[in-house]
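Note sheet for the following structure.
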């Protein structure tokens with residue numbers, strides 16, 4: 001007889017599926033997808049404000065055009081005749097240290113800096129010290145800077161929602177202090193969406209090993225859309241020239257103009 005092992009996530013019996021103790025059919029229609037993900041990861045159901053914040057995190061990274069390595073990989077795979085699951089898997093495999101994976105690394109920077117500060121009163125001075133060390137090392141700090149955005153619009157919105165949810169704490173304060181320190185030391189860099197998400201995940205006490213899962217979950221729908229469009233509109237085995245693409249979708253519109 002094989003040795004028994006344990007799982008605390010899901011129990012499956014005849015006509016019954018329970019996730020973290022809750023019947024999944026009872027959760028359906030009562031929880032948002034984000035709440036269900038949080039339940040899977042932590043064992044607890046978050047309140048509405050945290051749920052709204054999680055929704056915002058997932059929306060913030062749902063897609064970023066055709067140029068990111070993950071989107072290009074998915075399109076390349078489809079162009080060779082690969083099915084959508086293989087195309088999405090190709091994209092997911094491109095999420096590493098320099099694309100999407102920066103959330104994990106940024107969480108490490110933030111957590112180490114908070115521990116080094118010791119108290120909230122020392123966050124600002126510690127951020128100055130940490131940034132000075134990174135600048136002197138001539139390495140790129142994860143969570144700041146962006147190849148396109150000089151002021152990532154997603155980050156400000158995430159921090160606004162974190163404040164509204166009562167989540168904003170030392171993680172967000174440290175990330176904001178780090179950004180100010182870069183500006184003070186002559187290298188103004190915006191907090192990118194990875195840094196914003198990392199700061200919030202620190203304040204939510206999400207394990208660092210789950211950090212990149214948030215980006216992967218967010219990006220899967222975008223990869224599906226990119227792969228499907230490639231399959232339906234482009235020739236097979238094409239040489240994809242990213243800088244030659246032209247956007248021909250919906251004109252600029254606002255969610256507030258829907259009249260609902």
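Values for this structure:
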item: Most mobile listed residue (175, 141, 107) in the chain, GNM with C-alpha springs under 10 Å; result: 141
item: Selected from 173, 219, 20 as most flexible by GNM, with the chain as the system and alpha-carbon contacts under 10 Å; result: 20
item: Residue 180/residue 209 FRET efficiency (R0 35 Å; Cβ-Cβ; nearest 0.05); result: 0.75
item: DSSP bridge pairs, the chain: antiparallel proportion in percent, nearest 5; result: 90 percent
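Bear in mind these aren't lab numbers, they're just calculated from the coordinates by the rules spelled out. Bear in mind the structure is a predicted one, so any value in this text is a computation, not a measurement. In this analysis, Cβ positions are derived from the backbone assuming ideal geometry, glycine residues included, and neighbour counts consider all displayed protein chains.
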